[in-house]
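Below is one structure, written out as structure tokens; the observations come after it.
The values are calculated or read from the model by the stated rules, or taken from the named source; none is laboratory data. The structure displayed is predicted, hence computed values, not measured ones. Every residue, glycine among them, receives a Cβ derived from its backbone with ideal geometry; neighbour counts consider all protein chains shown.
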Amino acid sequence: MDFSLCNRIIGNASRVVVGKSDVLELILVALLAEGHILLEDVPGVGKTLIAKTLARSFGGAFRRIQFTPDLLPSDVTGFTIYDQQKSRFRFQEGPVVTNILLADEINRAIPRTQSSLLESMEERQTTVDGKTYPLPRPFFVMATQNPIELEGTFPLPEAQLDRFLLKIDVGYPEKEEEVAILARFQDQDPFGDLNPVATPEQLVRMQQARRHIHLAPPVADYITEIVRATRHHSAFRFGASPRGSLGLMRAAQGLAAVRGRDYILPDDIKHLAFPVLAHRLILKEEERLRGETTDRFLKEIIDRIPVPAPTQ
């Protein structure tokens, strides 16, 4: 399948978002890999704008939930109400019934509400009062969160974090990029003139085609060596699970597709190891108290494991 549509999506989104082509690429990788993405950074760096812009470029139904401490699980999944006119109960769908869901500031909600998304993210369905409802395809969650050091935030539970294929720090713009932002938004909002360049049906076809991108045995071994090393590293209380291995493979397939290849390179694995694996690793308490980060130890692992020769 021709994946040139990926470049059109990124180009379309870049009409609004300045200087974040690497972030846009990774979000598209997650979409093609049928995963979900968590954007993290301080308020005001454009997390919500990035999510809204890519959502509009994808086409399809889009809904946004502003997570707050008083948000209930039923506010996310929906609820059953009694229809007096028809004398029966009916399902009132929640915002999760959509193609693209923006879960804004997800870590401002209590853990019980955060966890209400677990079934939807993993199974592409939601269950209310014992009845299961399938979600539209594609179903893609883009969640934003503020750093947990900020007041009024609740750390995401490990089971929730593990459901996100990628976790990305957006970062501050460079000076030239910030000047360009001022110029672009001085007279008008370019988001208002943005039109879709893809349809949900095209995205589903690309997701299906992505599964056929070739993974050579040496590259498969490289993935498993990295993931298994996280389980035996002395700094980690828990390493990455097999879901991490699968996530790294699927993300690498998505990156190969975005870059116009039908095979995975070892460099794809190195490029994606941090956004795919770092948030799945749990440091030992003594390492955390010393101020260490998972990124440092993950880099040690990647630097130590031999890279296989490129192969198609």
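Some notes on this structure:
- Residues in the stretch 12-35 that are more than 12 Å from Thr53 (Cβ to Cβ) and surrounded by fewer than 24 Cβ atoms within 10 Å (Cβ to Cβ) were compared, and the one that is farthest from the chain's Cα centre (by Cα) is Gly19.
- Given (1) outside the structural domain of Val18 (by TED's automatic domain parsing); (2) more than 29 Å from Leu281 (Cα to Cα); (3) without any contact (Cβ under 8 Å) to a residue 40 or more places away in the chain, index of the condition Ala220 fails: (2)
- Checking each residue of the stretch 49-58 against the condition of being among the small types (Gly, Ala, Ser) and over 17 Å from the mean Cα position of the chain (by Cα) gives no match.
- Residue count for the stretch 62-81 under the criterion of being assigned to a strand (DSSP E or B) and either more than 17 Å from Val141 (Cα to Cα) or not charged (D, E, K, R) (or both): the result is 7.
- Residues of the stretch 59-91 that are within 19 Å of Pro155 (Cβ to Cβ), surrounded by 16 or more Cβ atoms within 10 Å (Cβ to Cβ) and out of contact with any strand residue (DSSP E or B) (no Cβ under 7 Å at 6 or more places or on another chain): Leu71, Pro73.
Each row is one residue, and each column tells you yes or no for (1) touching a residue at least 60 places away in the same chain (Cβ under 8 Å); (2) surrounded by fewer than 17 Cβ atoms within 10 Å (Cβ to Cβ); (3) over 22 Å from His279 (Cβ atoms).
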| residue | (1), (2), (3) |
| --- | --- |
| Ile37 | yes, no, no |
| Gly46 | yes, no, no |
| Ser57 | yes, no, yes |
| Glu93 | no, yes, yes |
| Leu101 | no, no, no |
| Asp104 | no, no, no |
| Ala109 | no, no, no |
| Gln114 | no, no, no |
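- Residue check for Ala183: among the small types (Gly, Ala, Ser), surrounded by fewer than 15 Cβ atoms within 10 Å (Cβ to Cβ), not in a strand (DSSP E or B) and not assigned by TED's automatic domain parsing to the domain that holds Arg243: yes
- Residue count for the stretch 272-312, restricted to those that are among the polar types (S, T, N, Q), in a loop (DSSP other than H, G, I, E, B) and within 27 Å of the chain's Cα centre (by Cα): 1
- Single condition Ile269 does not satisfy, out of (1) assigned to a helix (DSSP H, G or I); (2) out of contact with any helix residue (DSSP H, G or I) (no Cβ under 7 Å at 6 or more places or on another chain); (3) within 20 Å of Lys167 (Cβ to Cβ); (4) not basic (Lys, Arg): (2)
- Test: residue in the stretch 249-267 that is of a type in the set (Phe, Trp, Tyr), over 20 Å from Lys299 (Cβ atoms) and either without any contact (Cβ under 8 Å) to a residue 40 or more places away in the chain or surrounded by fewer than 17 Cβ atoms within 10 Å (Cβ to Cβ) (or both): yes
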